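Enquirer: Shown below is the structure under consideration.
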Amino acid sequence: MKNILVIAGTSHRESINLALANHAAAQVEGAKAIALDLNDFEMPIYSEDKEEASGIPQEAKDFLAAIQAADGIVLSLAEHNGSYSAAFKNVLDWTSRVEQKLWSEKPMLLMATSPGGRGGANVLGAAENYLPHLGARVVATFSLASFYDNFSSDTGVKDPVAKGNLTEALQKLEQALS
């Protein structure tokens, strides 16, 4: 059985990105989903001065260990003012100090959703370009616009075109895991 790490790029406990990521990971054949909560990796805002004075927090090392133990990753990013949430960016900043290629070349389904019509397009585009520099092997992307209109906690993605796009993205992840 493959272990899929599920990460929502936000500290919001009722995150729509977490709902989407959990739904997607549950669809991966022969896989067990393991969710990480960014609230468990809260660290001081990264600075070289803090690193020099106190070293790298254990939470950064633990985040990296979780990635390294996984077979694949489903990451769904919240878009805050057109970019990553501060919580997610801070975890990246600290963890990259432990290992620059922190995503460890694990196959990744990279996603975003939002209540609006663009579905987190800005953050998804930024992440697709940047995360490979940190060792992400993005095998597929998926964006779900208008989350509250297009997602149900009972049935998942409701829009037929979006549902087909998610199925295609999940197939790419499954192929990369085999």
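Enquirer: Among (1) free of Cβ contacts under 8 Å to residues at least 12 places away in the same chain; (2) closer than 24 Å to ALA70 by Cα; (3) not acidic (Asp, Glu), where does TYR84 come up short?
Expert: Against the list (1) free of Cβ contacts under 8 Å to residues at least 12 places away in the same chain; (2) closer than 24 Å to ALA70 by Cα; (3) not acidic (Asp, Glu), TYR84 comes up short only on (1).
Enquirer: Counting only residues that are exposed (fewer than 15 other Cβ atoms within 10 Å of the Cβ) and either without any contact (Cβ under 8 Å) to a residue 12 or more places away in the chain or under 18 Å from the mean Cα position of the chain (by Cα) (or both), give me the helices (runs of 4 or more DSSP H) lying completely in region 92-178 with at least 2 of them.
Expert: The helices (runs of 4 or more DSSP H) meeting that bar are 121-130, 160-177.
Enquirer: Here is a follow-up. Can you spot a residue in region 65-72 that is under 24 Å from ARG13 (Cα atoms) and among the β-branched types (Val, Ile, Thr)?
Expert: Checking region 65-72: at least one residue is under 24 Å from ARG13 (Cα atoms) and among the β-branched types (Val, Ile, Thr).
Enquirer: Of PHE88, PHE151, which residue is farther than 26 Å from GLN58 by Cα and of a type outside the set (Val, Ile, Thr)?
Expert: Of PHE88, PHE151, the one residue that is farther than 26 Å from GLN58 by Cα and of a type outside the set (Val, Ile, Thr) is PHE151.
Values in this text are rule-based calculations from the coordinates and carry no lab data. Please read these numbers as outputs of a predicted model, since none were measured by experiment. Cβ sites come from the backbone with ideal geometry, for glycine too, and all protein chains shown count toward neighbours.
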